[in-house]
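Step one of this worksheet: look at the structure below.
The values are calculated or read from the model by the stated rules, or taken from the named source; none is laboratory data. The shown structure was predicted, so the numbers you read here are calculated from the model rather than taken from an experiment. Backbone-built Cβ (ideal geometry, glycine too); neighbour counts: all protein chains shown. Side chains are part of the model used for accessible areas, which takes the heavy atoms of the whole protein and leaves out ligands, DNA and RNA. Shrake-Rupley method; radii C 1.70, N 1.55, O 1.52, S 1.80 Å.
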Amino acid sequence: MRPSSKNLILDASIRVTEREGITGLTLESAAGVTKGGLMYHFRTRDELLPAIQRHLTGAWEERLVAEVGKPLQEASARELTAGYATVGTELGASKAELAFMVESVNHPELAQVWTDLMVHLDAPTQSADPQDVDLFLARLAIDGLWLFEATSATPLPGPVREAVRRRLLGLTGGATTA
């Protein structure tokens with residue numbers, strides 16, 4: 001099946017953001033289709049940005065659902081955090097995701113898109129139970145790893161990434177085999 005023009009535009013926009021940051025992203029730089037095709041889907045940059053954010057979070061959600069094996073709202077906090085640990089340590093970080101997270105600070109509409117996805121992972125923060133604290137620590141470590149990779153010029157060596165993954169899965173009670 002041929003990808004839609006809309007997805008081509010979103011993917012091209014993510015590539016531009018990876019190279020030039022969010023300030024380098026303009027309607028003109030979001031190539032992949034004709035100007036008319038672009039304007040059909042996104043008349044303004046303000047329409048394009050939340051669509052990119054939804055595209056990025058949609059990809060995360062698909063991978064998370066596949067890892068958990070059920071809809072996120074049906075998964076336990078432990079299942080969700082173990083899935084997040086697996087997905088978060090396999091993917092590596094995207095500079096575009098980081099750029100959009102930073103941009104979200106000043107744009108509530110962009111922030112809401114990530115919040116809608118990440119709300120599923122917030123349950124353990126409401127309890128001081130040691131197992132819930134372990135889930136929360138795992139979540140913080142996964143987010144920290146993501147931030148480290150998004151801002152570091154040096155990729156994390158494979159054996160280190162695997163050791164971190166095993167430790168995080170141990171905190172979540174998830175499987176720790178390779």
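Determine the shape class of region 80-165: with a ≥ b ≥ c the square roots of the Cα gyration tensor eigenvalues, call it rounded for a/c under 1.5, and otherwise prolate if a/b is greater than b/c, oblate otherwise. In terms of gyration-tensor shape, oblate. Expressed as a whole percent, the accessible surface of the chain that belongs to carbon and sulfur atoms is 57, based on a 1.4 Å probe. Derived scalar couplings between HN and Hα for region 142-157 equal 5, 4, x, 4, 4, 5, 4, 5, 5, 10, 8, 7, 10, x, 5, x Hz in order, rounded to whole Hz, by the Karplus curve 6.51 cos²θ - 1.76 cosθ + 1.60 (θ = phi - 60°), x for Gly and Pro. Residue by residue, region 50-63 carries 3J(HN,Hα) couplings of x, 5, 5, 4, 5, 5, 5, 5, x, 5, 4, 5, 4, 5 Hz when phi is fed to the Karplus relation 6.51 cos²θ - 1.76 cosθ + 1.60 (θ = phi - 60°); x denotes Gly or Pro. Calculated FRET efficiency, ARG161 to THR44, Cβ-Cβ distance, R0 = 35 Å: about 0.30 to the nearest 0.05.
What number comes out for accessible area per residue over the chain if the probe is 1.4 Å? Units Å², please. That works out to 55 Å² for each residue.
Report the extension gain between GLU109 and LEU137 in nm, rounded to one decimal, defined as 0.36 nm multiplied by the number of residues separating them, less their alpha carbon distance. Don't skip to the answer; put the middle values down first.
Working: separation 28, 0.36 × 28 = 10.08 nm, distance 2.77 nm.
Once the chain is fully extended between GLU109 and LEU137, it gains 7.3 nm.
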